[in-house]
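Structure, as structure tokens:
The values are calculated or read from the model by the stated rules, or taken from the named source; none is laboratory data. Only a predicted model underlies this, so the values are computations on that prediction, with no experimental measurement involved. Cβ atoms come from the backbone with ideal geometry, glycine included; neighbour counts cover every protein chain shown. Accessible surface is based on the protein model in full, side chains and every heavy atom, while ligands, DNA and RNA are left aside. Shrake-Rupley method; radii C 1.70, N 1.55, O 1.52, S 1.80 Å.
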Amino acid sequence: MTERWVPDADSDVKVSGATAISYGPEHRAATFTLAALLVLGAIMGTVNLFVAGVLRDGAPRGIYAATMALLVVMAVPLVVRQWAGHWQLFGLVLLGDLIYVVVALCIQNPVRYATPLMLLFPAFVAACFLGPWQLGVNMVATTVACLVGLLPLHEDPLGLVIQVGVSAGTLNTGALGVFVLRRRVQRLLVATQNLTRLDPLTGLFNRRFLVEQAPSLWRQARRDGTRLAAMVLDLDHFKRLNDANGHAAGDAVLRAVADSLAAAVRPSDILARTGGEELVVLCLVGDQDDAIHLAERLRFAVSGTRTAEGHAVTASIGIALARPVDGELPTDALWRLVDHADAAMYEAKRQGRDRVVALSVPWARAPLPDELPAVTRSASSDVA
């Protein structure tokens, strides 16, 4: 698997055009901040109910009071759920635009008590958390809200157009700038994640990514009742190839092998380069035979790989299987399992290379000497 791999639901890797406020300490803080701003706006707006000459008499006063109460109601789900999805945020933003229109029509002097700057809050929420088309819809809604809110104050159409253009243009330009900056930061974060999680030569995942994925793999294995298999692949006589043909040829072989393996693994498997000519595959399997079939497919993929210069290698593959148990640390258990697979790989080297050796590890402990050659598949084995 390369960087095209899509992690499971428990994984932290996520790239999205629109960023919902989801689970996590920083996301809960953002959700509570939104709720607090809604409540604060309601409190500040309620003050106008007790100031003479601010609100229009009659029905507008009741509508205004109901609107302030609605702000508090909008904050309740955010506090209770501690989470806000894309559509919930989109609805909050459009409702914020509508609230400005209601407030502007209920106040006697909107220029003084309800300026279009009230739309700054929904505009910036849209820029920070919504996708491109949702931001575009809100920019149109902002323009319409400015027009409706300022319409009663201007008898001159030209003056109205200029005022709406200035107000809506300023709000939309600011929101667009924040959105562009946010997308730029997101791209930089993704690039930084790639630098820390991907091997620069082959494009495969690296050791750090294996550590990050260990907890989710252990959870999934326990949940599904499956076994976790670790495969260590080491390219045979790779140092000899490097010495004879140069490091450029060795790098070309590594890239070609990585491409072949990435095409051979299953979408749910994790393929990583852990250093030099050694690669690791982590996967969930039903039994040892499933792991051996996959390993044989990978061995065949390596042996069938050729670079443009005609260089080729074979691979010795060691397999270790374990059934995760409660109470163990996933990261520590992962590297114990990889160590067992590494021991099986060296047994494959000892037996003549270009073969698969499987080692069953029922629980986390050091492998016993008689366990190493538990199952052996040589170069003459049938390929699954």
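Axis of helix 207-224 versus longest Cα principal axis of the chain: the two differ by about 90°, to the nearest ten degrees. The length gained on full extension between Val79 and Tyr346, counted as 0.36 nm times the residue separation minus their Cα-Cα distance, comes to 90.5 nm. This model, with +1 at the C-beta of Lys and Arg and -1 at the C-beta of Asp and Glu, gives the chain a dipole about its Cα centre of some 700 debye.
Just need log10 I(q)/I(0) for the stretch 184-340 at q = 0.16, 0.17 Å⁻¹, Debye formula, equal scatterers on the alpha-carbon atoms, no solvent, rounded to two decimals. Once normalised to I(0) and log-transformed, intensities are -0.91, -1.00.
Note: relative contact order over the chain, using C-alpha pairs below 8 Å and six or more positions apart, is 14 percent. In the stretch 88-172, Cα pairs under 8 Å separated by at least six residues give a relative contact order of 35 percent. Separation of the stretch 82-134 and the stretch 216-288, taken as the distance between their Cα centroids, equals 51 angstrom.
Dividing the mean sequence gap of close Cα pairs (under 8 Å, 6+ apart) by how many residues the stretch 95-230 holds gives a relative contact order of 21 percent.
Relative to the longest principal axis of the Cα atoms of the chain, helix 157-197 runs at roughly 20 degrees. In a solvent-free Debye calculation with one equal scatterer on each Cα, what is log10 I(q)/I(0) for the chain at q = 0.07, 0.14, 0.15 Å⁻¹, listed in the order of the q values? Debye curve over Cα of the chain, log10 I(q)/I(0) at q = 0.07, 0.14, 0.15 Å⁻¹: -0.52, -1.08, -1.19. Computed from backbone phi with θ = phi - 60° and the Karplus coefficients 6.51, -1.76 and 1.60, the 3J(HN,Hα) list for the stretch 337-346 is 5, 5, 4, 5, 5, 5, 5, 5, 4, 5 Hz; x is used for glycine and proline. A Cβ-based charge dipole, computed about the Cα centre of the stretch 108-246 with Lys and Arg at +1 and Asp and Glu at -1, lands at about 600 debye. Determine the shape class of the stretch 165-245: with a ≥ b ≥ c the square roots of the Cα gyration tensor eigenvalues, call it rounded for a/c under 1.5, and otherwise prolate if a/b is greater than b/c, oblate otherwise. Note, shape of the stretch 165-245 comes out oblate. Zone of Asp57 (label point 7 Å along Cα→Cβ, backbone N under 12 Å): which residues in the stretch 98-120? Nothing falls inside the zone, counting backbone N under 12 Å. Work out the charge dipole of the chain with +1 on the Cβ of Lys and Arg and -1 on the Cβ of Asp and Glu about the Cα centre, then indicate which of His237, Trp83, Leu359 is farthest towards its positive end. The Cα lying farthest towards the positive end belongs to Trp83. Think of the chain as a dipole: +1 on every Lys or Arg Cβ, -1 on every Asp or Glu Cβ, centred on the Cα centre; then among Ala252, His340, Leu189, Leu189 lies furthest on the positive end. Using a probe of 1.4 angstrom and keeping all protein chains present, the accessible surface of the chain works out to 49 square angstrom per residue.
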